[in-house]
1. Within region 138-180, which residues are among the β-branched types (Val, Ile, Thr) and surrounded by 15 or more Cβ atoms within 10 Å (Cβ to Cβ)?
2. Please work out if Gly109 is at pLDDT 95 or above and within 23 Å of Glu44 (Cα to Cα).
3. Restrict the check to region 146-157 and report whether at least one residue is within 21 Å of Ile194 (Cα to Cα) and among the polar types (S, T, N, Q).
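The values are calculated or read from the model by the stated rules, or taken from the named source; none is laboratory data. Predicted model only: the values in this text are computed from it and were never measured. A quick note on method: Cβ atoms are made from the backbone with ideal geometry, for glycine too, and the neighbour counts reach across all protein chains shown.
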Amino acid sequence: MSRLAVPLLFGLIGTAILVWLGTWQMQRLEWKRGILSEIESRIEGPFRPIPSLGAVIPERDRYAPVSLNGEIGAQELLVLVSQKRVGAGYRIISPYTLDDGRRVLLDRGFAPVDQRDADRTRTDERVEVQGNLHWPDDRTSSTPDNDVAGNTWFARDIAQMAELLGTEPLMVIARNMSPPDAGVTPLPVDTSGIPNDHLQYAITWYSLASIWVIMTGAFIWRQRKGKEGTA
């Protein structure tokens, strides 16, 4: 029996650790669901005028719904992206001048790659925009530098874009436009791009715990069978 005590103890400790890790991931899952629910509530809240630059706090105002009235400038910055079931294309970023003269960045949405050079000019046309404030985090360690000269961007770097277009460093992601933006499909902010893999992690840890139990049981059974065979 003493020969089986060590593998049995090892099996129990390993199983307990793996079950604890799975349970921890389930707790993280509930925490993440709460965060996503809070973000969704913020996204779908009532539209309000865009706050002044000095009153903006990114941590508080990220995803805040805003309503704008003004004109879309003729300039465009093209951010290379890919859409499922559609393929490659560009996010169209333009300056937007509000009625009070303020200028902000407007993410108008998606245009297919073959529409890169299409004429989307809406100068002197008043456009009402409903959207959300956002500070996108597109850049990773593998993201190339933006090709500013060739107007091919790989990340929505707000400060760089604002300097180039002469706007405040504020970006609004369009949800609706009136009149609609011909040839551009809005890509409103949502929670689909926020990873929530805790359930998969929990399943992995619980599966490993089950395998650990089976392997421990098989090892102990073989040890006992071997001992009985030599008796």
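1. Of everything in region 138-180, those that are among the β-branched types (Val, Ile, Thr) and surrounded by 15 or more Cβ atoms within 10 Å (Cβ to Cβ) turn out to be Thr152, Ile158, Thr167, Val172, Ile173.
2. Here the answer is yes, as Gly109 does meet what is asked.
3. no
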